[in-house]
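Single-structure report; data block below.
The values are calculated or read from the model by the stated rules, or taken from the named source; none is laboratory data. These numbers were taken from a predicted model, which means no experiment stands behind them. All Cβ positions, even for glycine, are placed from backbone atoms using ideal geometry, and neighbour counts span all protein chains on display. To get the accessible areas, we keep the full protein, side chains included, count just its heavy atoms, and leave off ligands, DNA and RNA. Shrake-Rupley method; radii C 1.70, N 1.55, O 1.52, S 1.80 Å.
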Amino acid sequence: MRRPTEVPEAPGTPLTAAALEAALEAVREEAAQQEPVREAAPEPAHGTAAADTADTTAADTGAVDDRPAPRAPEVAAAAPARRLTTGRRGPADPVKSLMHRHRELCERAVDPLEIAAGLEAHGVTDRTAARYRHRDVFSLAEELFARVPGVAGDPVAAASATARDIETRAAWSLRALLPGAACLATFVALRLTDGVLGGDARLAVGAGGALLALIGLALALRTGPLGADGRASATANLCACWLLGYVLYGNALLDQVLTGGPEGPWTLTPAPLLGLAVAVAPAAWCAHLFSVHAHRKLNGSRALEEFAAGVRPLLFGAVAFFLCVLAGLLYLADLGIAGGGAPVGAAALGVLLLLARLLTVHGFPEPAATGLAAACAVEAAAPALVLGGRLPGLDPLARPVRALVEAGGTGAVPALACGAAALGLLTTATVALSRASAHTAA
């Protein structure tokens with residue numbers, strides 16, 4: 001490196017322009033060799049004058065700064081600092097997105113359990129809750145319930161909720177008694193007028209009693225534990241009417257078809273229908289108790305699997321209790337009205353109707369309609385196969401029905417049809433009604 005030109009040290013000796021220029025040139029070369037190579041930047045306006053001024057100042061002070069010269073403000077603004085990224089990061093609050101997605105559910109919920117049931121209905125499981133840093137759906141629902149402000153309720157309505165609940169139970173209990181009361185009154189009237197009224201009058205009395213029973217049944221199924229809020233399909237209603245009609249006429253029709261008929265009027269079997277009509281009230285209370293205890297299980301559960309394991313025995317217990325009550329009512333009806341009938345088939349029909357209604361009430365009308373339609377298809381197929389077996393070469397069609405009737409009588413057909421359908425609905429209900437979303441509060 002070339003040595004800088006020495007400046008005379010004698011005091012009072014003035015610096016000439018040539019000496020000053022040589023000293024500045026030497027300082028520039030030495031600084032260029034010592035500082036690291038930097039990225040070239042555009043030179044600011046009037047750069048020569050600024051550099052000359054800076055060099056003059058350095059020469060006047062007699063000190064040389066070894067640090068890199070800072071950039072001009074214009075250059076620093078043109079090259080902003082670059083942030084280092086380590087990849088795409090998720091939101092700092094993972095629950096926030098879920099909160100916005102289900103905000104309406106969280107605002108309308110009266111407790112965290114309703115939010116948990118709603119989340120499960122949308123496919124959120126305990127494994128999904130782990131992605132939101134929670135151990136289960138219930139814990140996630142509690143945070144959502146705490147973070148989302150609810151819609152303000154009516155304090156007067158909350159204060160009188162208990163009184164209204166008692167009145168509501170009394171109301172739907174009385175309505176559930178109407179079908180049985182109408183059927184019982186009709187049979188008593190027919191018994192008292194036996195031998196007094198003619199055939200047409202007795203037919204009118206029976207038709208009027210059946211109409212009253214249907215109206216009472218419609219009122220009983222409109223509200224209360226058996227109320228489906230319009231979720232029941234027309235197919236399910238038609239199938240239920242078919243099954244009840246088969247209770248009255250089905251066994252007599254099948255018996256006449258097997259013996260070469262049908263011929264003449266069919267014999268009525270009213271005793272099973274009376275037992276089923278009176279059993280509407282026990283069915284409503286079984287559905288109510290099942291719903292109440294399922295909500296209590298929901299309050300005490302901390303995981304979906306725990307709730308499912310606790311609600312299945314409740315379902316089996318409600319169905320078994322109703323079956324016992326129905327069997328007693330059918331026995332008493334058979335004692336009071338010696339009308340024959342098939343009590344086993346009527347009991348299977350009662351369980352089938354209860355399970356279908358439970359599924360409909362809790363939001364599963366499609367499986368209920370399918371089970372009822374399957375039972376109707378089997379009952380309709382029995383006389384149809386017997387009639388088809390009369391055609392030349394089609395005798396094997398009637399053999400299964402004849403073998404079944406020989407083994408268990410004509411009542412074996414509705415028992416098999418309704419029993420198999422009830423077993424299928426029980427399996428479906430065990431899975432469907434063990435979900436928390438099936439017990440959301442209205």
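Considering only residues that are among the β-branched types (Val, Ile, Thr) and either touching a Lys or Arg at 6+ places or on another chain (Cβ under 9 Å) or touching a residue at least 40 places away in the same chain (Cβ under 8 Å) (or both), which ones fall in the stretch 248-277?
Within the stretch 248-277, Val257, Thr267, Thr269 meet the criteria.
Among the residues of the stretch 364-375, are any at pLDDT below 85 and hydroxyl-bearing (Ser, Thr, Tyr)?
no
From Ala415, Ala407, which residue is assigned to a helix (DSSP H, G or I), open to solvent by 60 Å² or more (accessible area, probe 1.4 Å) and either modelled with pLDDT of 90 or more or more than 28 Å from Ala284 (Cβ to Cβ) (or both)?
Values: Ala415 fails: open to solvent by 60 Å² or more (accessible area, probe 1.4 Å).
After ruling out the rest, the residue left standing is Ala407.
Please go through (1) of a type outside the set (S, T, N, Q); (2) at pLDDT 65 or above; (3) closer than 27 Å to Leu298 by Cα for Ala157 and return the number of the only condition it doesn't satisfy.
Condition (2) is where Ala157 drops out.
What single numbered condition from (1) assigned to a helix (DSSP H, G or I); (2) open to solvent by 40 Å² or more (accessible area, probe 1.4 Å) fails to hold for Pro265?
(1)
How about the stretch 270-379: which helices (runs of 4 or more DSSP H) wholly inside it have at least 2 residues that are open to solvent by 10 Å² or more (accessible area, probe 1.4 Å), over 22 Å from Ala182 (Cβ atoms) and of a type outside the set (Asp, Glu)? Before the answer, list the steps.
Working: elements: 270-278, 280-300, 304-336, 343-361.
By residue number, 280-300, 304-336, 343-361.
Report whether or not Gly250 is buried (at least 22 other Cβ atoms within 10 Å of the Cβ) and modelled with pLDDT under 85.
Yes.
Is there a residue being open to solvent by less than 50 Å² (accessible area, probe 1.4 Å) and assigned to a helix (DSSP H, G or I) anywhere in the stretch 393-403?
Yes, there is a match, as at least one residue in the stretch 393-403 is open to solvent by less than 50 Å² (accessible area, probe 1.4 Å) and assigned to a helix (DSSP H, G or I).
Taking only the stretch 187-245 into account, find how many residues are of a type in the set (Gly, Ala, Ser) and surrounded by fewer than 12 Cβ atoms within 10 Å (Cβ to Cβ).
Of all residues in the stretch 187-245, those of a type in the set (Gly, Ala, Ser) come to 189, 195, 198-199, 201, 204, 206-210, 213, 216, 218, 220, 224, 227-228, 230, 232-234, 236, 240, 245.
After this cut, where a residue has to be surrounded by fewer than 12 Cβ atoms within 10 Å (Cβ to Cβ) as well, the list is 195, 198-199, 201, 207, 230, 234.
Matching residues across the stretch 187-245 total 7.
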